[in-house]
Amino acid sequence: MNKRFWALGTTAAATLLLSNVPAQATFGYFEHGYGVQAEGLAGAAIAYPKDSLALASNPASLFKLGDRFDIGADVFVPWRGASITGNPIAPDQSFNGSGVSTFLIPQIGYTRVLNDDWAVGIAVYGNGGMNTSYDSNPFARFGATGKAGVNLEQAFISPTVAYKIAEGHSIGVSLNVVYQLFKADGVGIFSGFSQAPGALSNRNTDHAWGAGVRVGYLGQWTPDLTIGAFWQSKGYSEEFKKYAGLFVGQGSFDVPSSYGIGASYKLTDNLDAALDVERIEYSGVDSVGNALSQLFIGNPFGSNNGPGFGWRDVTAVKLGFNYTIDPQWQLRAGWGWGSQPVRPSQTFLNILAPGVVQHHVSGGVTWTASDSTELSASLTYAPNTNVNGSGSIPPNFGGGEVNVHLSEVVAGVAVGWHL
């Protein structure tokens, strides 16, 4: 049995690292939830672990989870695009950025309680990403050629250990090993504004490894109330050398830090509620947080203080409900909201990264097929969100506005075994 799980895990991990991850997730480019059961709760999992992917939300979840193995996948379908208005170089025009429209995101987790005090586990999952693919290049009016778009893929491998500090209370820590891929095409018009013009566009895919940590707490305060919290450090990464002329600091692109607190409460014998509040610090990564205006005060693309996407930090709220019908069936639903990362003044460069979705609704179901096997499914819908530009196209490019939009559907299935 252990050999079979190990073989499945190795295969899934390899598949994850070689497959596309989301084209913009629900909170900027972070996923709305980790694990199919959490996704059905709109991602609320800091204090309500349901499967072994909960380690990605709170590494202190190990004792609640016990010995289990989960494997699953999401099918992610985003619709994104942009329009340009009021630019004198050419007439107003709309652009479809969904040339690549479907993404498969595998996930895998394993947890084991060693004794009364210690537990270990590992989770492998897509943390997030961004993708646009424009057959008609929005920058063509400014001199760009060919198709345009970017592809950022970000996967985590998170070995985890937890320690029980008192009955019902534990702390945990994960080492986040980060693997990133990046590619940009059709944006050579910015080469004249770069300190490394030959390392900005159409350089094929580059990759980078990095690492960070996540620490967490989970505690049972009353028979009905559980409280959890986590903090995730910045994921320090190698530079994308092929894109040293695009990203700040000669190709630097770290993973933003984040933190959050959650609570779950048993409303009735059959109905549980879970609430999470999280903060993602996009502004702490210069390539994401720096404004395009850096370019016009003497800091070219790729320099230490160069321009980025101008994203703000995001506050996310997730509320979920889990209803146990009987020992075999559970139903769940949730709603999530995140503050807007993309400023109206920064939409010009965010043609490439319109991560503007703010609301999502989710639902899910779990069927317990036997004492040891669970089958779960979830569905999430994020309705279309628009950010209309305000002073977004610089005078150097003729002025006018860029408007960006995004909507998403995520469908997930997973199998879990209690070992």
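Say the cut-off is 18 Å between C-alpha atoms; which of 234/318; 183/234; 147/183; 64/266; 164/266 go over it?
Over 18 Å Cα-Cα: 234/318; 183/234; 164/266.
Could you tell me how many degrees, from 0 to 90 and to the nearest 10, lie between the Cα long axis of helix 2-18 and the main elongation axis, the longest principal axis, of the Cα atoms of the chain?
So the inclination is approximately 10 degrees.
Of 124, 60, 228, which is farthest on the positive side of the dipole of the chain, counting Cα position, with +1 on Lys and Arg Cβ, -1 on Asp and Glu Cβ, and the Cα centre as origin?
Final value for the positive-end residue is 124.
Fewest to most neighbouring Cβ within 10 Å: what's the order for 313, 135, 269? Provide the component values of the computation, followed by the final result.
Values: 313 17, 135 13, 269 7.
Fewest-to-most Cβ neighbours within 10 Å comes out as 269, 135, 313.
Using the alpha-carbon centroid of each, what span in Å lies between segment 126-192 and segment 278-310?
16 Å
In what sequence do 288, 161, 36 fall when counting other Cβ within 10 Å, fewest first? Before the final figure, lay out the partial values.
Working: 288 26, 161 16, 36 31.
By the 10 Å Cβ count, ascending, the order reads 161, 288, 36.
Is any residue of segment 233-267 close enough, with backbone N under 15 Å, to a label point placed 7 angstrom from the Cα of residue 225 along the Cα-Cβ axis, and if so, which?
262-267
Taking neighbour Cβ counts within 10 Å as the exposure measure, how do 374, 31, 401, 239 sort from fewest upward? Let's see the in-between values first.
Numbers: 374 22, 31 26, 401 19, 239 16.
Exposure proxy ranking, most exposed first: 239, 401, 374, 31.
Since every read-out is calculated from the coordinates, none of them should be taken as a lab result. From a predicted model like this one, the values you see are computed outputs, not experimental measurements. Methodologically, a virtual Cβ is constructed for each residue, glycine included, from the backbone with ideal geometry; neighbour enumeration extends over all protein chains shown.
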